[in-house]
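Participant: Okay, here's the structure, questions in a sec.
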Amino acid sequence: MRIVKPKVKKATSRSKTERSEKPMAVDLFCGCGGLTQGLKKAGFRVIASLDIDPLSVATYKLNHPEITVLETDIRKVKIKDFMKKLGLRKNQLDLLAGCPPCQGFSSIRTLNGGRIVDDSRNNLLLAFHRFVIALKPKTIMIENVPGLTADKSFKFFCNSLKKNGYKVDFKILDAAVYGVPQRRRRLILLASKKALIEFANPVKVKRTVRDAIGSLPRPTSKQNQLHGISLKRSVKIRELIKKIPKDGGSRTDLPEKDQLKCHKKCNGFKDVYGRMSWNQVAPTITGGCINPSKGRFLHPTQNRSITLREAALLQSFPSRYRFSMKNGRYPVAQMIGNALPPEFIRRHASMIYGHLNKPDEHKTRSGVPVGV
C-alpha cells in the first residue's frame, strides 16, 4: 500500500479552528476527485481518500494536495492501520462516501439487463461494506449505476446497514435536474444513524451545453492539451463530420449515400457521430467522450469532437481543474467519463451536511426535550 502524504502549509490558528468545525469525510474509490470536489464544496473536510489507479491518484493530488491519498487495492487495506494512521475512532467519522467501480453493472455491458457480466469489480461494494462495519460512520453516501440495485450484493449491503442501526434510502436520479449539464441517471444511497436523510431538490432551470462550454475559445492544435483538438482523422471522416447538421444533427439526417457502410448495417447506436445541442443538456459523458464514433460527442457547431476541457465542464468540474496528461489524452477521457459530477454530489452532500448539523429531537438538554 502506497500512502501519498499531503504537502500542507503551516496552518494559522484560525484555519485550524475552521477545519476542526467542518464535518469529516473519507472518499473511497476517489478516482480523479469528482466526489471529493463535491464534498468540499458542500462544506466537508475530506481527511483521506483511496484509489488503485496511479493516473487518477496523480490527478487527485494536483487538485487536492492537502488530503492523504492511499494508492492501493481497497481489499488489501488493514482498516485498523488505516484508522490509526488517521487518528480515527469508531463512530467518529461524519461521512463515509464512495463509488465502487461499476462497469460490471453498466447497462451497455449488460445489454440493458439482458445478460449477467462476471466482473471482479462487482464485489467492491462488499469492500466498502467492510469499512462501514469497522468505522461505523454517522452517515453514508454511495453513488453508482442504476443496475447495481438488481444485484444481490446491493441487497445484502442495504440489509446489513439496517441491522447496524442505519436508516437507509436510495433513489435513481438524473444529474441533469441537479445542475449538471448532461443526462446521467445514477443511483444515490443515503444512510444515517439518526434519521432518514432528505434528497436534494431539483433545480428549476437545467444548465445547458451552451451554459457549460459556450464561452470557451475555439481550440487549436497549438493550445494546451486539455482544450486542444486531434487532427488524426481520415479525410472521409472529416468530410462526414462537416455534413452533420449543426446544433443537434445526427448521421441519420444524412442521405444514404453519405453514410458509412457500417452504419447502414446497424439500427442501434444512433447517437454515433451526432452533435450536441446548444440549448439542451449533453448526453452522458463517457470514457469515449472525445471520440465521435463512441456517441453524440460532436461540438454543436464546430466540425470536431468535444475537447477534454469541454468534457470536464459538462461533468461540472471547475474550469481550472487539472488532469495529469502523462499517459496521453484517451486515459484522461476515461477518467473524466468515469468521474462523479461534482455538482450532483455537492447538492446531495449539502443535504447530509444539514442533516448532521440538525439538532437531534430525541436528545434533551437539562432534561427538557429539544424543541420544547
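The values are calculated or read from the model by the stated rules, or taken from the named source; none is laboratory data. Computed from a prediction, not measured in an experiment: that's the story for all the values here. Virtual Cβ from ideal backbone geometry, glycine too; neighbours counted across all protein chains shown.
Participant: Being farther than 22 Å from residue 190 by Cα and either at pLDDT 95 or above or not assigned by TED's automatic domain parsing to the domain that holds residue 133 (or both), is that true of even one residue in region 8-21?
Facilitator: No; the residues of region 8-21 include none that is farther than 22 Å from residue 190 by Cα and either at pLDDT 95 or above or not assigned by TED's automatic domain parsing to the domain that holds residue 133 (or both).
Participant: Mind counting the residues in region 308-331 that are touching a residue at least 40 places away in the same chain (Cβ under 8 Å) and either in contact with a Leu (Cβ under 6 Å, 6 or more places away or on another chain) or over 11 Å from residue 285 (Cβ atoms) (or both)? If you could, list the steps in order and put the result at the bottom.
Facilitator: Pass one, region 308-331, residues touching a residue at least 40 places away in the same chain (Cβ under 8 Å): 308-310, 312-318, 321-327, 329-331.
Retained after the next criterion (residues that are either in contact with a Leu (Cβ under 6 Å, 6 or more places away or on another chain) or over 11 Å from residue 285 (Cβ atoms) (or both)): 308-309, 318, 321-327, 329-331.
Matching residues across region 308-331 total 13.
Participant: Something else about it: Just the residues that are part of a loop (DSSP other than H, G, I, E, B) and under 21 Å from residue 356 (Cβ atoms), please, taken from region 44-68. Explain how you work it out, then say what you get.
Facilitator: Step one: filter region 44-68 for residues part of a loop (DSSP other than H, G, I, E, B), giving 44, 52-53, 64-67.
Answer for region 44-68, where residues must be part of a loop (DSSP other than H, G, I, E, B) and under 21 Å from residue 356 (Cβ atoms): 44, 67.
Let's see how each residue does on (1) loosely packed, with under 13 Cβ neighbours inside 10 Å; (2) in a helix (DSSP H, G or I); (3) modelled with pLDDT under 75:
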| position | (1), (2), (3) |
| --- | --- |
| 233 | no, no, no |
| 236 | yes, yes, no |
| 239 | yes, yes, no |
| 246 | no, no, no |
| 263 | no, yes, yes |
| 267 | yes, no, yes |
| 272 | no, no, no |
| 277 | no, no, no |
| 287 | no, no, no |
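Participant: Would you point out the residue of region 344-372, among those that are surrounded by 10 or more Cβ atoms within 10 Å (Cβ to Cβ) and hydroxyl-bearing (Ser, Thr, Tyr), that is modelled with the lowest pLDDT?
Facilitator: 364
Participant: Also: Look at residue 165 and say whether it is of a type outside the set (Asp, Glu) and outside any helix (DSSP H, G or I). Steps first, answer last, please.
Facilitator: Values: of a type outside the set (Asp, Glu): yes; outside any helix (DSSP H, G or I): yes.
So residue 165 fits the description; yes.
Participant: Of all the residues that make up region 305-343, how many are surrounded by 19 or more Cβ atoms within 10 Å (Cβ to Cβ), of a type outside the set (S, T, N, Q) and not in a helix (DSSP H, G or I)?
Facilitator: Matching residues across region 305-343 total 7.
Conditions tested, residue by residue: (1) outside the structural domain of residue 96 (by TED's automatic domain parsing); (2) farther than 18 Å from residue 315 by Cα; (3) among the charged types (D, E, K, R); (4) at pLDDT 95 or above.
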{"site": "149", "(1), (2), (3), (4)": "no, yes, no, no"}
{"site": "182", "(1), (2), (3), (4)": "no, no, no, yes"}
{"site": "187", "(1), (2), (3), (4)": "no, no, no, yes"}
{"site": "202", "(1), (2), (3), (4)": "no, no, no, yes"}
{"site": "243", "(1), (2), (3), (4)": "yes, yes, yes, no"}
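Participant: Scan region 153-165 and give yes if some residue there is free of Cβ contacts under 8 Å to residues at least 24 places away in the same chain and either surrounded by 15 or more Cβ atoms within 10 Å (Cβ to Cβ) or outside the structural domain of residue 351 (by TED's automatic domain parsing) (or both), otherwise no.
Facilitator: Going residue by residue through region 153-165, those that are free of Cβ contacts under 8 Å to residues at least 24 places away in the same chain are 155, 159, 162-163.
Those still in the list that are either surrounded by 15 or more Cβ atoms within 10 Å (Cβ to Cβ) or outside the structural domain of residue 351 (by TED's automatic domain parsing) (or both) too: none.
No; the residues of region 153-165 include none that is free of Cβ contacts under 8 Å to residues at least 24 places away in the same chain and either surrounded by 15 or more Cβ atoms within 10 Å (Cβ to Cβ) or outside the structural domain of residue 351 (by TED's automatic domain parsing) (or both).
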